Amino acid sequence: MWSLRLTAEHYSNEIADGLRKQLLLADAELTCSLKGGWEVNVSARNLFNRRTYAYTLYDGLATFRKSYLLRPRNLTVGLFFHF
């Protein structure tokens, strides 16, 4: 039996009056249940491989920059036995 799970996290931050910054992070997981209690799992995190969340605000003579590093895309494979 196969199972596919897609998940996403959406962030909408108001960084100034009337100015919003959007971010979407997506993950996927594929699982196959085998006979005898075995299960194979493949999962991918950060499918779009967004590496930073950054923005810059300009206000007259001032400039404000903010940047955050995000988790990189990663792929994991797992083999499980249920008893």
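Give me the percent of accessible area attributable to carbon and sulfur for the chain, probe 1.4 angstrom.
C and S atoms contribute 59 percent here.
Would you kindly give the portion of the calculated P(r) for the chain that falls above 21 Å, as a percent of all Cα pairs? Of all Cα-Cα distances in the chain, 50 percent exceed 21 Å. Over the chain, accessible surface divided per residue gives 79 Å², non-protein components excluded, 1.4 Å probe. Note on ARG71 and THR31: their simple-model spin labels are 1.7 nm apart, each label 7 Å out from Cα toward Cβ.
Applying a DSSP loop filter and a limit of 10 other Cβ atoms within 10 Å to the GluC sites (Glu not before Pro) in the chain leaves nothing. Quick check: the distance between the Cα centres of segment 1-19 and segment 28-57, to the nearest angstrom? Each part reduced to its Cα centre gives a spacing of 15 Å. Phi angles across segment 57-71 convert, under the Karplus curve 6.51 cos²θ - 1.76 cosθ + 1.60 with θ = phi - 60°, into 3J(HN,Hα) values of 10, 10, 9, x, 8, 9, 10, 10, 10, 9, 9, 10, 7, 10, 4 Hz, Gly and Pro given as x.
What residues of segment 1-31 lie in the reach of a label at ASP59, counting those whose backbone N is under 17 Å from a point 7 Å from the Cα along Cα→Cβ? So the set is 14-21.
Given R₀ = 41 Å, what would the calculated FRET efficiency be for GLN22 paired with HIS82, taking r from the Cβ atoms and rounding to 0.05? FRET efficiency, GLN22 to HIS82: 0.55.
Per-residue packing, averaged as other Cβ atoms within 10 Å, sorts the ranges 51-58, 1-8 into the order 51-58, 1-8, beginning with the highest.
The values are calculated or read from the model by the stated rules, or taken from the named source; none is laboratory data. All values derive from a computational prediction rather than experimental measurement. For neighbour counting, all protein chains shown are included, and Cβ atoms are generated from backbone atoms with ideal geometry for every residue, glycine included. The accessibility values were calculated without ligands, DNA or RNA, using every heavy atom of the protein model including side chains. Shrake-Rupley method; radii C 1.70, N 1.55, O 1.52, S 1.80 Å.
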